[in-house]
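Remarks on the structure that follows.
What follows draws every value from the coordinates through simple rules; no lab data is involved. Everything quoted here is computed from the prediction, not taken from an experiment. Because the Cβ atoms are built from the backbone with ideal geometry, glycine has one as well, and the counts that use them run over all protein chains shown.
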């Protein structure tokens, strides 16, 4: 079975500071990993995805994530937080038949 | 490309009535569609997986007679909440997989439907 664990249900950063959202995965096969962002009362928007082509994945809105097999991690980072980044972020792993989501991390950006 | 729509975006109904939510893949044929439920401040919970022309596969604990799923075509799946009760109030999100050029099992998500049962 595949699963992801997001460390930290709530992360708060100041505007302009580094954003680091943590995700660890468990998978018996090479995983496909995703990061999504969700704004209130909206669906999920894909930020980036890892499909084994490159370990460092760049996404939209300045986000990137690095796949580290040795650490079974896929942490999401952004060098400089913007107020508009405040949202809920979900890490997900895609299996043979379905997708499993982490519990989510709420990002707050302080002015 | 790979756009998924849901209708309605918001619905309020009385207890005991049934509500149908539509999920459409607008620019691709979806081999598989998924239905999720999301409680406030929680993650997405997979309710069921459906393939066109087949019966949906429900996750453990999801009442198939309460949540009827129909996937009659490659671009449309519907979720009907039958005899809705206040505890069915939630945010329902659908997704679709199978878009040309997409990654293995990548899902594209609809904007969600907020159901409130009075």
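Please work out which one of (1) away from every other protein chain (no Cβ under 12 Å); (2) touching a residue at least 24 places away in the same chain (Cβ under 8 Å); (3) closer than 23 Å to residue A:94 by Cα is the condition residue B:82 fails and give its number.
Only one criterion is unmet by residue B:82, namely (3).
Here are some conditions: (1) closer than 22 Å to residue A:46 by Cα; (2) at the interface with chain A (Cβ under 10 Å from one of its Cβ atoms); (3) surrounded by fewer than 20 Cβ atoms within 10 Å (Cβ to Cβ). Residue B:93 meets all but one. Which one does it not meet?
For residue B:93, the failing item is (3).
Checking residue B:10 against (1) surrounded by 15 or more Cβ atoms within 10 Å (Cβ to Cβ); (2) facing another protein chain (nearest Cβ under 9 Å); (3) touching a strand residue (DSSP E or B) at 6+ places or on another chain (Cβ under 6 Å), only one condition comes out false. Which one?
Looking at each condition in turn, residue B:10 falls short on (1).
For the condition part of a strand (DSSP E or B), without any contact (Cβ under 8 Å) to a residue 40 or more places away in the chain and touching a strand residue (DSSP E or B) at 6+ places or on another chain (Cβ under 9 Å), what is the one hit in B:33, B:45?
B:45
If you take just the strands (runs of 3 or more DSSP E) that sit entirely in region A:14-111, which of them hold at least 3 residues that are within 11 Å of another protein chain (Cβ to nearest Cβ)?
On the way: elements: A:19-26, A:32-38, A:44-50, A:56-58, A:64-68, A:73-78, A:87-94, A:99-101, A:105-110.
Qualifying strands (runs of 3 or more DSSP E): A:32-38, A:44-50, A:87-94, A:99-101.
Going by the structure shown, is residue B:23 more than 14 Å from every other protein chain (Cβ to nearest Cβ) and surrounded by 13 or more Cβ atoms within 10 Å (Cβ to Cβ)?
Numbers: more than 14 Å from every other protein chain (Cβ to nearest Cβ): no; surrounded by 13 or more Cβ atoms within 10 Å (Cβ to Cβ): yes.
The answer is no for residue B:23.
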